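The values are calculated or read from the model by the stated rules, or taken from the named source; none is laboratory data. A quick note: this is a predicted structure, and the numbers were derived from the prediction, not measured. Positions of Cβ are backbone-derived with ideal geometry, glycine not excepted, and every protein chain shown enters the neighbour counts.
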Amino acid sequence: MFDLGWVRVANPQARIAVGQLIAVEAKTLSLWTLNVSRILEVIDTPHSFGFLYSPTELHVEEGEERFMLEFDPESQGVAYRVEAVSRPRSPLARLGLPITRMFQHHFARDSHRRMRETVLHCPK
């Protein structure tokens, strides 16, 4: 969901566990930025998997993001959700808020596309 070409996890060996730091690199306007978040919650049930993380002071945004995969046993359908509540932390992000929001929407769209591709290529 993060391997998008212009976005990638800088520490892919990191486990999805409460307290774990996740570093995400993003190429925006021809510059790579590094944003660090901490996992606050992990959801791992027979039909749901995901996590909630919050940006650290080493992130251009403040807030929280949740990434969830849910399986519906009745329909055999899989849903992927990205939910974010954020506001700019850095002065540059505040100044460029419309551009920041554009990249957030671009990430959500590309992340959903990547997850669809992954699910379609999973062995049954």
First in segment 77-94 and over 23 Å from residue 116 (Cα atoms) and assigned to a loop (DSSP other than H, G, I, E, B), second anywhere and modelled with pLDDT of 80 or more and among the charged types (D, E, K, R), Cβ under 6 Å, 6 or more apart: 89/61; 89/62
Tally, over segment 17-28, of residues that are assigned to a loop (DSSP other than H, G, I, E, B) and at pLDDT below 95: 0
Unmet criterion (only one of (1) part of a loop (DSSP other than H, G, I, E, B); (2) under 17 Å from residue 9 (Cα atoms)) for residue 66: (1)
In segment 18-63, residue nearest to residue 5 (Cα to Cα) [restricted to those that are touching a helix residue (DSSP H, G or I) at 6+ places or on another chain (Cβ under 8 Å) and crowded, with 16+ Cβ neighbours inside 10 Å]: 26
All positions within segment 42-56 that are under 19 Å from residue 14 (Cα atoms) and either among the hydroxyl-bearing types (Ser, Thr, Tyr) or not in a strand (DSSP E or B) (or both): 53, 54, 56
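Looking at segment 6-37, which of its residues are touching a Phe, Trp or Tyr at 6+ places or on another chain (Cβ under 8 Å) and more than 24 Å from residue 105 (Cβ to Cβ)?
16
Residues of segment 64-90 being modelled with pLDDT under 90 and either of a type in the set (Val, Ile, Thr) or exposed (fewer than 14 other Cβ atoms within 10 Å of the Cβ) (or both), which ones?
At the first step, the residues of segment 64-90 found to be modelled with pLDDT under 90 are 76-78, 84-90.
Result: 76, 77, 78, 84, 85, 87.
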